[in-house]
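**Student:** My structure is below; once you've seen it, I'll send some questions.
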Amino acid sequence: MLSRRSLLTKAALAAGLAPFARGAAKAPRPGCQANGWNLDPAKFDLLLKAIQDMKELGFQGFETNIRFVTPQLGRLPEAKAALDQSGLEFIGAHTNVPDYEQLGMDEAANQVAKAAEQAKQFGAHALVVSHKGLSPKGEFTQEALDRKAQMLNLAGKRCADAGLTLAYHNHQPEFQNNAAEELGLLRNTDPKLVSLMLDIGHAWLANPDAISVFAAHPGRAFGLHVRDFHNRVSVPLGQGEFPLRQLAAVVRKTGWSGWLIDEEERPNDADKPGIKAVEPSRKTMKEIFGV
């Protein structure tokens, strides 16, 4: 028989469970972008080591640029086996939307299809695509928006044909001018074909109200790239001013259960921080998001 003290202890532990512990089916899944590590397309072992670091920190999936896996196409069975052995899911392979204005929509779509087929062979769930914003200030014509939306819909169809999700990754321009471009793309793309890899960190730098866009459209977000900044300089999660607790509250309220991805990209640093940045970020992710 349990003592009264034991019962009280169990009750206290239950009350203090992480935010998503009682609703695991509704919890987001923790992932990590490999660009926080020093990687080289010619050195596959560096990616494997980064993934091993992620596994030891308790992440469930990884994302990386497609250029770090495509050199292994000539030894695909061995490379795929090495990725599978990690036990982590390949969330998405990142690449750019081809220049559809120069190439034309059809050729650009063909290039997307090729990338999707390659990513699929390595076990990726999504093709994560970026493209330059229509305007640094968020001011553009309806025609330009329509063409970009058309390209994304076409790319999404080609990804779906390959068995992958297309997830559009924003930078700051999409969230300038009250998120004009991001909201325009949400209105003008087919939700069955185009999902978001919502970089909420980039978005917040451009628009302090960026979390409200996610709150209004959680179903469109395949994943969230979560970052933190101190005076607009990247720092590990919890060491800057990004409103992580506000984001976590929205995640809980909406029941969003996509990929919550720590990104420790340091584009201006020759030597990437790797586990030195990711380890404290992982601790913060567990503390604030409960996953």
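**Student:** So what's the Cα pair-distance distribution over the chain, bin width 10 Å, in %?
**Tutor:** That works out to 6, 27, 34, 23, 6, 2, 1, 0, in percent per bin.
**Student:** When we measure straight from the Cα of LYS272, which aspartates and glutamates land under 13 angstrom away, once same-chain ones fewer than 8 places off are left out?
**Tutor:** Excluding near neighbours in sequence, the set is ASP40, GLU263, GLU264.
**Student:** Of the listed pairs LYS55/LYS286; LYS80/LYS276; LYS55/LYS120; LYS49/LYS120; LYS137/LYS157, which have alpha-carbon separations greater than 24 Å here?
**Tutor:** Distance filter (> 24 Å) returns LYS80/LYS276; LYS137/LYS157.
**Student:** While we're on this one: What does the range 32-83 give for Rg and for Dmax, in Å, if only its C-alpha atoms count?
**Tutor:** 10.5, 31
**Student:** Would you kindly state how much longer the chain becomes between ASN188 and GLU117 on full extension, computed as 0.36 nm times their sequence separation minus their alpha carbon distance, in nm to one decimal?
**Tutor:** 23.0 nm
**Student:** State, to one decimal in nm, how far the label point of ALA160 lies from the label point of GLN102, with both points 7 Å from Cα in the Cβ direction.
**Tutor:** 3.0
**Student:** Quick one: helix 44-56 against the long Cα principal axis of the chain, what's the angle to the nearest 10°, folded into 0 to 90?
**Tutor:** That helix lies at roughly 30 degrees to the long axis.
**Student:** Percent of Cα-Cα pairs per 5 Å bin, from 0 to the last occupied bin, for the range 139-179, please list those.
**Tutor:** Whole-percent P(r) values from 0 Å outward: 5, 20, 20, 25, 14, 10, 4, 0.
**Student:** Ratio to report: Rg/Rh of the range 180-291, with Cα atoms as the point set and Rh obtained by the Kirkwood method; give two decimals.
**Tutor:** When Rh is taken as the Kirkwood radius, the ratio is 0.97.
**Student:** Just to confirm my numbers, what's the Cα centroid distance between the range 230-279 and the range 149-193 in Å?
**Tutor:** First find each Cα centre; the distance between them is then 22 Å.
**Student:** How high is the relative contact order of the range 22-289? Use alpha-carbon pairs under 8 Å, at least six apart in sequence, and give a whole percent.
**Tutor:** Computed value for the range 22-289: 20 percent relative contact order.
Laboratory data are not the source of any read-out in this text; all were calculated from the coordinates shown. Only a predicted model underlies this, so the values are computations on that prediction, with no experimental measurement involved. In this analysis, Cβ positions are derived from the backbone assuming ideal geometry, glycine residues included, and neighbour counts consider all displayed protein chains.
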